[in-house]
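Undergrad: Below is one structure. I have some questions about it.
Derivation of every value follows stated rules applied to the coordinates shown; laboratory data play no part. Computed from a prediction, not measured in an experiment: that's the story for all the values here. With ideal geometry, Cβ positions are generated from the backbone for all residues, glycine too; neighbour counts draw on all protein chains shown.
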Amino acid sequence: MEHNRAYKVRGLDCAEEVVVLKQAVGPLVGGEDRLAFDVLNGRMTVAADAGEVADETIFKAIATTGMSAVAWTPHAKTDDADNHRRQQVLFTVASGIALLIGFGLHVALAGGFTQAWRLLGSHASVSTPLPAIVAYLAAALLGARFVVVKAWFAARNLRPDMHLLMTVAVVGAMAIGEWFEAATVSFLFALSLALESWSVGRARRAIAALLDLAPPTARLLRPNGVEETVPVNEVRLGSRFIVPAGERIPLDGRVTAGASAVNQAPITGESVPVEKQPGAEVFAGTINGDGTLTIRVTKVAQNSTLARIMHMVEEAHARRAPSEQWVERFARAYTPAVMVVAFLMFLVPPVIFGQAWDEWFYRALVLLVIACPCALVISTPVSIVASLAAAARAGVLVKGGAFIELPARLRAIAMDKTGTITSAEPEVVQVIPLDNHTEGELLSRAAALEARSTHPLARAIHRYAERKGIAPAPAADVQVLRGKGLAGIFDGEPFWLGSHRYVVERGQDTPEVARQAEALEADGKTVIVVGNSRHVCGLVAVADTIRPEAREIVRQLHAAGVAHVVMLTGDNRITAEAIAREVGIDEVHAELLPENKVRKLEGLIARYGNVAMVGDGVNDAPALARANLGIAMGAIGSDAAIETADVALMTDDISKLPWLVHHSKRTLAIIRQNITFALAIKAMFVVLTFAGMASLWAAIAADTGASLLVVLNGLRLLNGSKAVA
């Protein structure tokens, strides 16, 4: 079986290089759609269906771009990136120092600051002293350290990019004696690339910080009772480990002993600690409260919930958002077009209108500098990565940039009922004693008969009785009446428990019992009847309780712009419609098989366009896959649902749905701000360039400033708490 192949690409720093690599490698592997890129970690992935292409062939193609590649090894992914960034910063700082030295020499040798400062205004008015030229040349070369190689390969392969633009501008400035401007352009462009690298590193560290949540070792409990501290990677499935109070849980598992409140915010985003008893599930990276827990491992370190989150977030931004794709297409046509316009600017005025060659050559260089798409290219990916990281920290795992923008455009959301709108855990909602019995008597008999049952309805009766302080001894001689109920001896007297249908079968139905049972069933409740041979003692109504926040969530979704909220459920119609009325859902489709859910969803997509599906079970997986946006309930959802979905809510808190819509809208707003600002700056300087009012140093300063501003604006998304206004 073939697998995807991954490569570490040295020099893959931004989306501009992604375009170059697609052009170089795409034809070898059967098309660009067989390539995926992880700029965050400098990784390129070739799809398994790319065909028989040798690694060496791919390495040679990448080498033609000025970059290099090796087979991907996870252990070295951060080392290479960090070393590259350190070198980038070192050369940028050295370039800046050389520029300052050159300017200092220029001031000293040109007769004072005023005379030297004139070089900033009129590019041909001040001659540059030789020592200053040497310093400026050093600044230009140091700043161009990571630019000229890529520029050379771009020129050789006739694939003009921003590195070639900058190199032509720097060489052109030196050719006409503009040494200060050449050094300034080189330094500021290097600074812009360093800022870009820093921003990507910042976003990568925000995601990598997730991995630090889990401690590297676990306090393993050996079968002989001895505790031993071992690396988490050596802990096997089924092993037991101890987590003292206040420590982080190192591995996913199930509590076997102890009780404590666990802070699950790092994984699920829940703000309130969750009580854990024996049998409860816990996640790696969560924080134990004030009790000691003994936990049995259910997932090894590599497969833990935290590890899956890390893996999915790392892969997520390789799925490019629509805005990223637009910027990429724009930049691909934009860069060569700019070079043509700059050449015409240099050629047409002197040839046709008799203007000065040196003046228009200088203006063409300024156009090349300001037209550099750096700020535009970096604006979107930084915002997307920051948005993905913020969502992960909030307990919302979005599996790609393509899916972080979609919630803002949703017109309808379809939801499963059980486990989504309801809690998926039946509860006793009403107790109706009959024939002069008390609630306590009725509950005692029901709890005694159900004492040893593990059925969800039995557990609901147990919990309710405990809350009422009722704990009877189990009934004797309990018999299961298959498909009907239970019978047993309680306090020396025989009692039975079953459905209303069983009451009718026994011939003990009365008008009062029928009226009460039918009313409860019409309201979507399951009716359990308790009685003896003489009469019916009373009715216990059980229901899958609606989440307390469900009605408010539906209201918030409507307020956020989701026009239609729909319930798709396999449950009976009466129950579904009763819950929909209480919650405020617009449309209900009940008694659906999985394939019926898909058909209903297709109808919604035809009517509304962008539709999301929210579910938690295996039966929801087909609908999740068919929806424009599949959202799985990650805490209680099945693995099939989580793997199929585009978004996983790592808690069963559906309040994350309106949060996600608002977060998506905020992400889109910041992306639009960045694109608009970057293009506006360029448009303004293009006008100034044609008017002869812009200089090289001012153009590159404006471009660098624009890059810095869009980076900082995009990184605001790391603070996901502001997603909801």
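Undergrad: How big is the gap, in Å, between the Cα center of the stretch 360-417 and the Cα center of the stretch 148-199?
TA: Computed from Cα coordinates, the inter-centre distance equals 25 Å.
Undergrad: Related question: Please list 3J(HN,Hα) in residue order for the stretch 518-534, calculated via the Karplus relation 6.51 cos²θ - 1.76 cosθ + 1.60 where θ = phi - 60°; whole Hz, with x for glycine and proline.
TA: 5, 5, 5, 5, 5, 8, x, 9, 8, 9, 10, 10, 10, x, 9, 5, 8
Undergrad: Report the per residue volume, in Å³, of the convex hull enclosing the C-alpha atoms of the stretch 5-72.
TA: Normalising the Cα hull of the stretch 5-72 by residue number yields 69 Å³.
Undergrad: Return, ordered by residue number, the residues of the stretch 283-306 whose backbone nitrogen is under 17 Å from a label point located 7 Å along Cα→Cβ of Glu275.
TA: 289-293
Undergrad: Related question: Could you tell me the center-to-center distance, by alpha carbons, between the stretch 213-251 and the stretch 500-569 in angstrom?
TA: 45 Å
Undergrad: Efficiency by 1/(1 + (r/R0)^6): what FRET value for Gln23 and Val171, r their Cβ-Cβ distance, R0 = 22 Å, to the nearest 0.05?
TA: Given R0 = 22 Å and the Cβ-Cβ separation, E is 0.35.
Undergrad: Then there's this: If you put +1 on each Lys and Arg Cβ and -1 on each Asp and Glu Cβ, how big is the dipole of the stretch 425-546 around its Cα centre, in Debye rounded to 20?
TA: That gives the stretch 425-546 a dipole magnitude of about 260 debye.
Undergrad: Need the full-extension length gain, Glu518 to Val226, defined as separation in residues times 0.36 nm minus the C-alpha distance. One decimal, nm.
TA: Result: 99.2 nm gained on full extension.
Undergrad: Using a Förster distance of 35 Å, how high is the FRET efficiency between Ala563 and Leu679, based on the Cβ-Cβ distance and rounded to 0.05?
TA: Once rounded, the FRET efficiency stands at 0.65.
Undergrad: A further question follows. For Ser664, Ser379, Ser127, Ser655, which order do you get if you count the other beta carbons within 10 Å of each Cβ and list the fewest first?
TA: Lowest count first: Ser127, Ser655, Ser664, Ser379.
Undergrad: Can you pull the one-decimal nm distance between simple spin-label points at Val480 and Thr294, each 7 Å off the Cα toward Cβ?
TA: Rounded to a tenth, the inter-label distance reads 3.0 nm.
Undergrad: Computed FRET efficiency, Cβ-Cβ of Glu602 and His3, R0 30 Å: what is it to the nearest 0.05?
TA: 0.35
Undergrad: Using a 7 Å offset from the Cα along the Cα-to-Cβ direction at both Leu344 and Ser127, what is the distance between the two label points in nm, to one decimal?
TA: The two pseudo-label positions are separated by 3.9 nm.
Undergrad: Here are some pairs, Lys8/Lys656; Lys484/Lys600; Lys525/Lys597; which of them have Cα atoms lying more than 29 Å apart in this structure?
TA: Pairs exceeding the cut-off: Lys8/Lys656; Lys484/Lys600.
Undergrad: Could you order the peptides 221-232, 292-303 from most to least packed, using the average number of other C-beta atoms within 10 Å per residue?
TA: Order by mean packing, descending: 292-303, 221-232.
Undergrad: Shifting gears a bit: Relative to a virtual label point 7 Å from the Cα of Thr217 in the Cα→beta-carbon direction, which members of the stretch 277-298 show backbone nitrogen distances below 18 Å?
TA: 285
Undergrad: When each pair of different Cα atoms in the stretch 433-485 is counted once in the 1/r mean, what is the Kirkwood radius in angstroms, to one decimal?
TA: 11.6 Å is the Kirkwood radius here.
Undergrad: Could you work out how much longer the chain between Asp55 and Met693 gets when fully extended? Use 0.36 nm per residue separation minus the Cα distance between them, nm to one decimal.
TA: Contour length minus Cα-Cα distance gives 224.6 nm.
Undergrad: Ranked from highest to lowest mean number of other Cβ atoms within 10 Å per residue, what is the order of the peptides 592-603, 280-291?
TA: My ranking of the peptides, most packed first, is 280-291, 592-603.
Undergrad: Something else now. Where in the stretch 469-555 are there GluC sites (Glu not before Pro) that are in a DSSP coil and have at most 16 other Cβ atoms within 10 angstrom of their Cβ?
TA: Here the GluC sites (Glu not before Pro) that fit, given the DSSP loop and packing criteria, are Glu549.
Undergrad: Can you tally the net charge around Val255? Count Lys and Arg as +1, Asp and Glu as -1, for every other residue whose Cβ sits under 14 Å from the Cβ of Val255.
TA: +1
Undergrad: Taking the mean number of other Cβ atoms within 10 Å as a proxy for protection, how do you rank 157-167, 181-191 from highest to lowest?
TA: Averaged packing, sorted descending, gives the order 181-191, 157-167.
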